[in-house]
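Here the structure is laid out as structure tokens; the discussion comes afterwards.
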Amino acid sequence: MWLFLGKTAKRWRLSLALGLALAILLTCSFSSFASVCGAIRADTLRLHILANSDSEADQALKLRVRDAILAQAGDLFDGAQDKQQAERQLAGRLSEIREIAQDTLRAAGCGDTVEVALVERYFDTTHYPDTGLTLPAGRYDAVQVRIGAAAGKNWFCVLFPPLCVPAASAQNEGYTEAEQRVTEGGYEIRFALVEWVERLRESRR
């Protein structure tokens with residue numbers, strides 16, 4: 001009997017040790033993944049367009065503004081090697097983006113005002129089917145275009161690396177190898193964990 005109990009205790013200690021080792025391994029793996037997600041957010045500049053309302057007409061205008069900005073501002077980041085340089089180049093051209101949006105609305109017979117600013121805001125985990133990329137949840141810098149009351153559904157993409165500009169390379173060259181592995185790896189449970197953590201942070205703001 002004592003021999004049986006001794007073997008049981010050994011098995012229990014071995015299971016506990018294995019469980020602890022697995023927990024440490026998973027924690028380290030997630031910590032590394034979360035760290036790369038933070039770097040992705042720091043290296044990404046997004047475009048965020050808010051429609052005046054959810055009416056069919058206003059949503060259609062939002063898409064016309066989107067198309068005009070992407071078509072006419074394709075050289076925004078020519079030569080930029082990183083997001084910081086991209087933002088410096090962008091700083092003097094926010095008024096140009098506003099004019100593009102405003103002219104597009106006027107050509108459509110819409111008198112809504114347009115506001116354009118560089119902001120920081122929260123985004124949920126986003127998967128882009130056209131590129132196969134997934135961006136983790138969290139706070140990103142974004143060029144925000146607000147049309148009229150800006151009370152309608154929004155549209156967003158990635159300006160830098162220039163992934164949503166028509167003339168841009170399909171490769172996400174603005175990211176490090178580690179960041180590319182995460183963004184190109186497809187959706188996985190760790191993205192959900194990162195989103196849970198980031199939402200918790202948002203709730204405390």
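The values are calculated or read from the model by the stated rules, or taken from the named source; none is laboratory data. Quick caveat, the model's predicted, so the values are computed rather than measured. Every residue, glycine among them, receives a Cβ derived from its backbone with ideal geometry; neighbour counts consider all protein chains shown.
Condition check for S35 on (1) outside any helix (DSSP H, G or I); (2) free of Cβ contacts under 8 Å to residues at least 12 places away in the same chain; (3) closer than 30 Å to E188 by Cβ: one failure, at (1).
Scoring F77 on the criteria (1) aromatic (F, W, Y); (2) at pLDDT below 95; (3) not in a loop (DSSP other than H, G, I, E, B) leaves a single failure, condition (3).
Look through the range 151-193, keep the residues that are closer than 18 Å to A80 by Cβ and loosely packed, with under 12 Cβ neighbours inside 10 Å, and return whichever of them is modelled with the highest pLDDT. My answer is P166.
Restricting D54, D82 to residues that are surrounded by fewer than 17 Cβ atoms within 10 Å (Cβ to Cβ), touching a residue at least 24 places away in the same chain (Cβ under 8 Å), closer than 22 Å to Y140 by Cβ and out of contact with any Leu (no Cβ under 8 Å at 6 or more places or on another chain) narrows the list to D82. Residues in the range 120-136 that are out of contact with any Ser or Thr (no Cβ under 7 Å at 6 or more places or on another chain) and farther than 21 Å from L50 by Cβ: P129, D130, T131, G132. Scanning the range 124-150 for residues that are assigned to a loop (DSSP other than H, G, I, E, B) and surrounded by fewer than 16 Cβ atoms within 10 Å (Cβ to Cβ) returns D124, P129, D130, G132, A149.
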